[in-house]
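The values are calculated or read from the model by the stated rules, or taken from the named source; none is laboratory data. Here the structure is a predicted model, which is why all the values come from computation and not from measurement. A quick note on method: Cβ atoms are made from the backbone with ideal geometry, for glycine too, and the neighbour counts reach across all protein chains shown. Surface accessibility is based on the protein's heavy atoms, side chains included, excluding ligands, DNA and RNA. Shrake-Rupley method; radii C 1.70, N 1.55, O 1.52, S 1.80 Å.
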Amino acid sequence: MATFYNWYTHLRSTELGLLTDGPEDSAPSYFELPVVIGHNLKGRSWGAELAANLRISRATQLRARYAYLRVDLDLEADSMDPSVSVATEGNSPRHQLGLGSTHDLRWNLRLNCDLRYVGKLTRLPVDGYLTADARVGWRPYADVEFALIGRNLVDDRHLEFPADFSGGRS
């Protein structure tokens, strides 16, 4: 088991400058609103990871893992950040769970099966998902291996992160 707690200061933010008129001799006239990178974001993250392996026979091993993550970000009082800097705290799943097994079969064959759940992203349009992978490997010689691998066997597709931050699906 592993736990962690992190405290951050002076994280990157996007700050608005002062609205000013463009040069007087410019035609047409315009306004300037500078946007600069600042360091007015603070926050903390904490969580835990738990993993267990169990060998139930010479040929079979089981694995389980769980991870929990919390991120809490806040703008400093003097920040003029109009963007979604604070929203990045929802860009990571809060819960992740995995189960797996390895089976050493006859004739130098090995079967690996993995099932994993990844929780939803709370600030983005990404739902949690469940997926499974499987692999059969054959090792005819110590330095040679052939493998047949299947990924994402539960569904044909799932969104892990949006292509853009406007909320569109990818």
Rounded FRET efficiency, nearest 0.05, which uses the C-beta distance separating ASP78 from LEU19 and R0 of 22 Å: 0.80
Label assignment, Rg/Rh (Cα atoms, Kirkwood Rh) derived from the structure, set (i) 0.96; (ii) 1.20; (iii) 1.37: (ii)
Residue order for PHE31, PHE161 - accessible surface, 1.4 angstrom probe, largest first: PHE31, PHE161
Dipole of the chain, positive end: most advanced residue of LEU159, ALA48, LEU121 [Cβ charges, Cα centre]: ALA48
Inter-centroid distance (Cα atoms) of region 87-150 relative to region 30-57, Å: 24
Magnitude of the charge dipole, region 31-170, Cβ model with Lys/Arg +1 and Asp/Glu -1, debye to 20: 1020
